[in-house]
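Participant: Here you go, one structure.
A short reminder: the numbers here are calculations on the coordinates, not readings from a lab. Here the structure is a predicted model, which means the values were calculated and not measured. Note that each Cβ is placed from the backbone with ideal geometry, even for glycine, and that neighbours are counted across all protein chains shown.
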Amino acid sequence: MTAQAAIYACSHRRGNSDHAAELLRQGVEKAGGKAEVIRLRKHEVLHCLACGYCDSNKDGRLADRCVLGARDEAAKLFAPLFAAPVVFFASPIYFYHVPSRLKTWMDRGQQFWQAAMDKEPWVSGLPRRKSYSVFVAGRPQGERLFEGALLSLKYFLLNFNIRPEQTLQYRGIDEFKDLEGHENYCKEIRRMGYDAWQDATEPLG
C-alpha cells in the first residue's frame, strides 16, 4: 500500500479549516504524494473514562487496549498516526483551544502514553516523523491565542514519535469563506503541504 499523508480536518462544521485541509492536500499532491483528508466530525469518539483499563491491559493495541475501543471510531482515527510519513492538522480555535471533538480524541491517546511509558516496542519503536498545522481563529487579537492548542497537540503527538515542525496561524478568519479571500494565506498553506511531503519522502544521504 502506497504511503500517504494524513490530514485531520478538525472543525465541527464545513468552513475555513476544511478549506485549509483541501489546500494542504493540493500541496502534497503537487509534490507527487497522496493524502487522505480525515474529517473528525464524521467519526464518533467517546470521552475517556479515566478508568485505568489501558494501564493494566498490556497486550492490546488500538481498539483492544481501550475499554471503549469497540464502541466508537477512535482507533480508526489513531491508525494513520502509526503509518503516515507526515501528518497535518487543520483546525479552528475555540476559546483559545482546539474544538471539543479533537480534544476528546486527543484525551483518548492516554493509552499510547501509557504504552510509551512502559516502553512497549509497538509504540516506543515508531519512526520519528513531523507534523504541520494550520490554525484559523475568528478572534483578531490575543497574545496567547494559539498557545493552548499548540501545547496540547505537541504532547499528544509525542506518543507517536511525531514532532511539530511548523504551524501557520491566522487571525480574523471567521465567516464561512474568509480564508478563500486571502490569496497569500492559501499559497502559504499549499506550500506547506508541498514542502512537508518533499521533506518526509526525501531520500537520506
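Participant: Could you put Trp113, Trp197, Trp122 in order, starting from the residue whose Cβ has the fewest other Cβ atoms within 10 Å?
Facilitator: Neighbour counts put them in this order, fewest first: Trp122, Trp113, Trp197.
Participant: For the chain, build the charge dipole from Cβ charges (+1 Lys, Arg; -1 Asp, Glu) around the Cα centre, then report which of Phe95, Cys54, Leu77 sits farthest towards its positive end.
Facilitator: Result: Cys54.
Participant: Here is a further query. Answer rounded, prolate or oblate for the stretch 1-118, using the Cα gyration tensor with square roots of eigenvalues a ≥ b ≥ c: rounded when a/c is under 1.5, else prolate when a/b is larger than b/c, else oblate.
Facilitator: oblate
Participant: Compute for the stretch 5-201: radius of gyration divided by Kirkwood radius, i.e. Rg/Rh, restricted to C-alpha atoms, rounded to two decimals.
Facilitator: Values: Rg = 16.6 Å, Rh = 17.1 Å.
Rg divided by Rh gives 0.97.
Participant: Amide H to amide H, which residues 5 or more places from Phe89 or on other chains are under 5 Å from it, using H placed in the peptide plane?
Facilitator: Tyr8, Tyr132, Ser133, Val134
Participant: Right, something else. Just to verify a number: FRET efficiency for Ala3 and Arg128, C-beta to C-beta distance, R0 = 22 Å, to 0.05? Before the final figure, lay out each step's value.
Facilitator: Numbers: r = 15 Å, r/R0 = 0.69.
The pair Ala3/Arg128 has a calculated efficiency of 0.90.
Participant: Quick check on the exposure proxy: order Tyr132, Tyr96 from fewest to most C-beta atoms within 10 angstrom. It would help to have the intermediate numbers written out before the result.
Facilitator: On the way: Tyr132 26, Tyr96 14.
Ranked by crowding around the Cβ, least crowded first: Tyr96, Tyr132.
Participant: Any idea which of Gln169, Val67, Ala5 is furthest toward the positive side of the dipole for the chain, if Lys and Arg beta-carbons carry +1 and Asp and Glu beta-carbons -1?
Facilitator: About the Cα centre, the residue reaching furthest to the positive side is Val67.
Participant: Rounded to the nearest 10 degrees, what's the angle between the helix 183-201 long axis and the longest principal axis of the chain, both from Cα atoms, 0 to 90?
Facilitator: The two axes meet at around 40 degrees.
Participant: Can you list residues from other chains, or at least 5 along the same chain, whose modelled amide H is less than 5 Å from the amide H of Ala35?
Facilitator: Residues meeting the criterion, in which the H sits 1.01 Å from N, are Ala5.
Participant: To continue, here is another question. Calculate the dipole size of the chain relative to its Cα centre from +1 charges on Lys and Arg beta carbons and -1 charges on Asp and Glu beta carbons; express the result in debye to the nearest 20.
Facilitator: Values: 29 positive and 25 negative charges, 28 e Å.
So the magnitude is around 140 debye.
Participant: Which pairs, out of Lys42/Lys154; Lys130/Lys154; Lys34/Lys103; Lys42/Lys76; Lys34/Lys154, put more than 19 Å between their alpha-carbon atoms?
Facilitator: Values: Lys42/Lys154 24 Å; Lys130/Lys154 11 Å; Lys34/Lys103 26 Å; Lys42/Lys76 12 Å; Lys34/Lys154 24 Å.
Cα-Cα > 19 Å for Lys42/Lys154; Lys34/Lys103; Lys34/Lys154; rest within.
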